[in-house]
Amino acid sequence: MEELRLDEDFMQNEFNTERLSDYLSRIGSKALTQRVKRLLKVYDLKLLNLPTHDRP
């Protein structure tokens, strides 16, 4: 993930985590959610409504 070399300023100041959360909920992919968790950890970002994809 770190090898993507995303712009640190963009990730900290302009990256729209609310929109990302909405997309993750709509897509419903557990694998994508795990990748996003890693991305957020690398850039020390918070996503309040991260989907859990728990199945009953």
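Coordinate-derived values only; no laboratory data. Computed from a prediction, not measured in an experiment: that's the story for all the values here. Note that each Cβ is placed from the backbone with ideal geometry, even for glycine, and that neighbours are counted across all protein chains shown.
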Net length gained if the chain between A31 and D9 were fully extended (0.36 nm per residue, minus Cα distance): 5.3 nm
Residues K46, K30, sorted so that the one with the fewest Cβ neighbours within 10 Å comes first: K46, K30
Relative packing of peptides 5-18, 31-44 - highest average C-beta neighbours within 10 Å first: 31-44, 5-18
Over the stretch 2-42: Rg over Rh, Cα atoms, Kirkwood Rh: 0.98
